Amino acid sequence: MKAALIFPGQGSQFVGMAKDLAAAYPRIAEIYSEADEILGFPISRLCFEGDPAVLTQTRNAQPAILLHSIAVLELLSDEGNIDPTVTAGHSLGEYSALVAAGVLDGMDALRIVRKRGELMFEAGIKQPGTMAAVIGMEREQVDSVCSDASDDDSIVLVANVNSPGQIVVSGHIEAVERAMELAGDRGAKKAVRLNVSGAFHSPLVAPAAEELIAYIKQFTIRDAGVDVICNADAAIVRKKEEIVDALSRQLTSPVLWAESMTLLAGRSEGKVLEVGPGKVLKGLMRRIDPEQSVEAIGTVAELEKYVAPSVGIV
């Protein structure tokens, strides 16, 4: 069955994620055991029954979400006969999308996103920053707020264009706080500071981006077997050189999710499936394109439409 596949990013993690998948499918239990060995700590236990505060840490949440996504992807591909036509992922989820497109091996992607999470965590310590969600304003209005809230010593910029009326800003703490106040004064429904460890998708994490791309280049990267929509440009990439270039800019560029989903809706064949934990992207799509339905698949119950559960418990 042809389908467009979209993959969630950081914030979709929760304790208990993928526990039912590992219990129902021996291959998924094997994937988590392999991940424990590769990472050198029991990420399976952290996902299935760990401390929520520890799971939410950037360096842990990123590999946890990717693992969940590639576990579901494996079942959909091997046992569900899903044939992806286009893939996209929100920030971290772009790495899951690249696995789905055959650009990266799953365990190589796991190593990369663990490194990505560590670098982002360290960047937040070296250059403190934060992010905030602005609800009820359009991109041009938020750009104006950010311009007026920035000065020579502190900056704030648009970091995520998630959907019409939902924009995330990122930058120095003082500038983000000024932007939140200005947004409220200029008619935003609300501005909410996010629980993040740094100013992601902004120039403040440029050193992390440089180190990350040097690390990525150590791995085998292939041309994509299907269209991939990259975050930085909301454009199709297929060649490995294009993909490396897009990834090199991803950490410091805005996530153009609304534009990416508009492009995907115009190119997708068959269903659109959100692959991994949660239903965040399904909710965003309702605001981006109400005509385009999304099915979220992250649990055994949600998989049953496509894959028969294995007999027995591991």
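Look at segment 54-75: where a residue is among the acidic types (Asp, Glu) and a partner is assigned to a helix (DSSP H, G or I), sitting 6+ places away or on another chain with Cβ atoms under 8 Å, you get Glu74/Arg27; Glu74/Ile28; Glu74/Ile31; Glu74/Gly106. Out of Asp148, Asp105, Asp152, one residue alone is in contact with a Ser or Thr (Cβ under 9 Å, 6 or more places away or on another chain) and over 19 Å from Leu194 (Cα atoms). It is Asp105. Under the condition of being surrounded by 23 or more Cβ atoms within 10 Å (Cβ to Cβ) and among the β-branched types (Val, Ile, Thr), the residues counted in segment 96-112 number 2. Residues in segment 169-181: is at least one surrounded by 15 or more Cβ atoms within 10 Å (Cβ to Cβ) and under 17 Å from the mean Cα position of the chain (by Cα)? The answer is yes; a qualifying residue exists.
So, of the residues in segment 24-46 that are of a type in the set (Phe, Trp, Tyr) and assigned to a loop (DSSP other than H, G, I, E, B), which turns out to be surrounded by the most Cβ atoms within 10 Å (Cβ to Cβ)?
Taking segment 24-46 first, the residues of a type in the set (Phe, Trp, Tyr) are 25, 32, 41.
Among the residues that remain, those that are also assigned to a loop (DSSP other than H, G, I, E, B) are: 25, 41.
Numbers: Tyr25: 21, Phe41: 13.
Among residues in segment 24-46 that are of a type in the set (Phe, Trp, Tyr) and assigned to a loop (DSSP other than H, G, I, E, B), the one surrounded by the most Cβ atoms within 10 Å (Cβ to Cβ) is Tyr25.
Mind checking which residues of segment 81-95 are part of a loop (DSSP other than H, G, I, E, B) and buried (at least 20 other Cβ atoms within 10 Å of the Cβ)? Spell out the reasoning first.
So the first thing to find is which residues in segment 81-95 are part of a loop (DSSP other than H, G, I, E, B), and the list is 81-82, 90-92.
Within segment 81-95, Ile82, His90, Ser91, Leu92 qualify.
Go through segment 147-180 and give me each residue that's of a type in the set (D, E, K, R) and either touching a Lys or Arg at 6+ places or on another chain (Cβ under 9 Å) or in contact (Cβ under 8 Å) with a residue 12 or more places away in the chain (or both).
First, pick out the residues of segment 147-180 that are of a type in the set (D, E, K, R): 148, 151-153, 174, 177-178.
Scanning segment 147-180 gives Asp148, Asp151, Asp153, Glu174, Glu177, Arg178.
Annotation for segment 265-272: at least one member residue is aliphatic (A, V, I, L, M) and assigned to a helix (DSSP H, G or I).
Can you find, within segment 47-61, the residue that is farthest from Leu110 (Cα to Cα) among those that are in a loop (DSSP other than H, G, I, E, B) and not charged (D, E, K, R)? Talk me through it step by step, then tell me what you get.
Initially, segment 47-61 is screened for residues in a loop (DSSP other than H, G, I, E, B), giving 50-51, 57.
Remaining after also requiring not charged (D, E, K, R): 50, 57.
Details: Gly50: 19, Gln57: 16 Å.
Among them, the one singled out is Gly50.
A Cβ distance below 8 Å, combined with a sequence gap of six or more or placement on separate chains, defines the contacts here; from segment 218-241, residues that are in the same structural domain as Ala258 (by TED's automatic domain parsing) reach residues that are at pLDDT 95 or above and loosely packed, with under 14 Cβ neighbours inside 10 Å in the pairs Asp223/Lys239; Ala224/Lys239. Which strands (runs of 3 or more DSSP E) sit wholly inside segment 149-259 and have at least 2 residues that are in contact with a Pro (Cβ under 6 Å, 6 or more places away or on another chain)? Those strands (runs of 3 or more DSSP E) span 156-163.
Please verify whether Gly80 is within 14 Å of the chain's Cα centre (by Cα) and at pLDDT below 95, treating the condition exactly as stated.
So Gly80 fails the test.
So is Ala214 of a type in the set (Gly, Ala, Ser) and crowded, with 16+ Cβ neighbours inside 10 Å or not? The answer is no for Ala214. Take the conditions of a type in the set (A, V, I, L, M, F, W, C) and either in the same structural domain as Asn231 (by TED's automatic domain parsing) or assigned to a helix (DSSP H, G or I) (or both) and apply them to Val113. Does it pass? Considered against the rule, which asks whether it is of a type in the set (A, V, I, L, M, F, W, C) and either in the same structural domain as Asn231 (by TED's automatic domain parsing) or assigned to a helix (DSSP H, G or I) (or both), Val113 comes out as yes. In summary, Thr58 fulfils each of the numbered conditions (1) modelled with pLDDT under 95; (2) assigned by TED's automatic domain parsing to the domain that holds Gln166 with the single exception of condition (2).
The values are calculated or read from the model by the stated rules, or taken from the named source; none is laboratory data. Computed from a predicted model, the values in this text were never measured in an experiment. Because the Cβ atoms are built from the backbone with ideal geometry, glycine has one as well, and the counts that use them run over all protein chains shown.
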